[in-house]
Amino acid sequence: MSCVVKPRAFRPFILLPLPMLRMSPLPTRGMGRNWGVDAGSLLWNHREVVSGSRFPPLAIAALAAAATTGLALLNTAQAGAALAYAGESVPWNGLLRARLVDWYAYALFVPALVWLARRMPVTGENWLKRLPAWLLLGLPLALAKEALYVAVGNLFRPGMFDLPRILSEDFSAEAATAWAMIGVAQGLAWSERRAGRREAEASSAPQAVTQLSVRKGDSYHVLRASEIEWIEAQGNYARIVTPRGAFLLRETMAGLERQLGPRFARVHRRAIVNLDRVERIEPRSHGEYALVLGSGECVASARSYGARVRALL
């Protein structure tokens, strides 16, 4: 019986860094849960439906299709160049079809691998237990892929593809490719976990206050954060300067800096300024600066805070 031996394919393991590419699905925040009611939108916006940190299935399928198409074209060019170098004619159409079937067969397994990687991630704590299992999984994965390739090939050219012969020639390279794909799936799962941790940290971070309640005499005043020009430490108190005057608040500078958020900058051990009130910054000697506010007041920075001030320039 005649058979066709599948040409040994080039296996570029540059696939491994692919999960580090930052994928940005369509924005969903603030658009409501009812946005995208059709099937395509639900697939693409799976991040919102399932978890704030997961890649949508359609994006994973698109990445797999794009990567395998590119690899198929690369393999076709390599095989064609080898035939041309040997002085043989190059059947470009046949080579391209064979390589597309070869790589698309692998692409079909990508969603299942990502699904499994989410449930069985390899981490620094469990890698001794799970990594051998994943490496073992690569062997039946490579076998299943080759069986699928042979089945499709025999569908169009019955009897021309022999699975045992192809496995004897190419199984080690196929196993290495399967392990590379497992690495990609684990990388995607790791990226999702990292994004989830960042979202959790961001949601748990304290929000900047928008106003402060201070006492002056027998009265209490509500100061909006936006009207504060700068704050000066005075013993156990903080002197808050506003267009309405100065107010004393029993609070530490570190506490106020934390409460008021990123629009307020500590420029001295004894001074915090509202960045929205700064008109200009003038350099002084020895790495010190003068921050001139809209009211005309000048706040001097300390040399130890020079890097913070330079970051504002």
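Taking N as the residue count of region 86-190, its C-alpha radius of gyration divided by 2.2 N^0.38 Å amounts to 1.26.
For region 107-183, applying the loop criterion from DSSP together with a ceiling of 15 other beta carbons within 10 Å to the GluC sites (Glu not before Pro) yields Glu125.
Counting beta carbons within 10 Å around each of Tyr237, Tyr220 and listing the fewest first gives the order Tyr220, Tyr237. Taking 1.002 mPa s as the viscosity and 20 °C as the temperature, the Stokes-Einstein diffusion coefficient of region 201-313 based on its alpha-carbon Kirkwood radius rounds to 147 µm²/s.
Only the coordinates and a few stated rules stand behind these numbers; no lab work does. Predicted model only: the values in this text are computed from it and were never measured. With ideal geometry, Cβ positions are generated from the backbone for all residues, glycine too; neighbour counts draw on all protein chains shown.
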